[in-house]
């Protein structure tokens, strides 16, 4: 496993050790960029933001702060990254740390949800960590089962996207003290 994957798995495991929902202010500030209450007010003025997108944006920021350079700008229309490490669900072999997207309600090609595989189980789903939520609290961060791959539209191989490899010995990886 690359140093990038090992770091990301360790970091997520330290913040989200068990399945469940996390909504405390420290977690939100670190992984979303503001408290849950501020996020609710922010989202009221810009409803295009979701906690799953903002969570993955922060993961991306921490990886860039570690010195990894993405192949292109991040987009949450993950299938558009097909030349940069994106794989459709028919090639279901993601690894820990890869980003995923699920099918959206608007049919094929629409993105419903994004997050990070905590543990990828090949064809049987996996454990994910992602923003999520309800309309009252404007969300939480969850660690839970992703379920069967039929819900997965595709996934982004972070080693390919960020140019990491199993032989990567990048000595600078971000710590968990806060924002990138």
Q: Identify the residue in the stretch 125-147 that is under 12 Å from the mean Cα position of the chain (by Cα), surrounded by 24 or more Cβ atoms within 10 Å (Cβ to Cβ) and farther than 17 Å from residue 95 by Cβ and, among all such residues, is modelled with the lowest pLDDT.
A: 131
Q) When residue 74 is evaluated against the numbered criteria (1) surrounded by 14 or more Cβ atoms within 10 Å (Cβ to Cβ); (2) in a helix (DSSP H, G or I); (3) at pLDDT below 85, which criterion, by number, is the only one it fails? A) (2)
Q: Any chance you could count how many residues in the stretch 15-24 are surrounded by fewer than 19 Cβ atoms within 10 Å (Cβ to Cβ) and either part of a loop (DSSP other than H, G, I, E, B) or modelled with pLDDT of 90 or more (or both)?
A: 6
Q: Return the only residue of 56, 8, 12 being surrounded by 19 or more Cβ atoms within 10 Å (Cβ to Cβ), under 17 Å from residue 114 (Cβ atoms), out of contact with any helix residue (DSSP H, G or I) (no Cβ under 9 Å at 6 or more places or on another chain) and modelled with pLDDT of 85 or more.
A: 56
(Q) Looking at the stretch 77-98, can you tell me whether even one residue there is under 16 Å from the mean Cα position of the chain (by Cα), assigned to a strand (DSSP E or B), under 18 Å from residue 162 (Cβ atoms) and modelled with pLDDT of 85 or more? (A) no
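The values are calculated or read from the model by the stated rules, or taken from the named source; none is laboratory data. All of these numbers come straight from a predicted model, not from anything done at the bench. Counting neighbours? That spans all protein chains shown, and the Cβs are built from the backbone with ideal geometry, glycine included.
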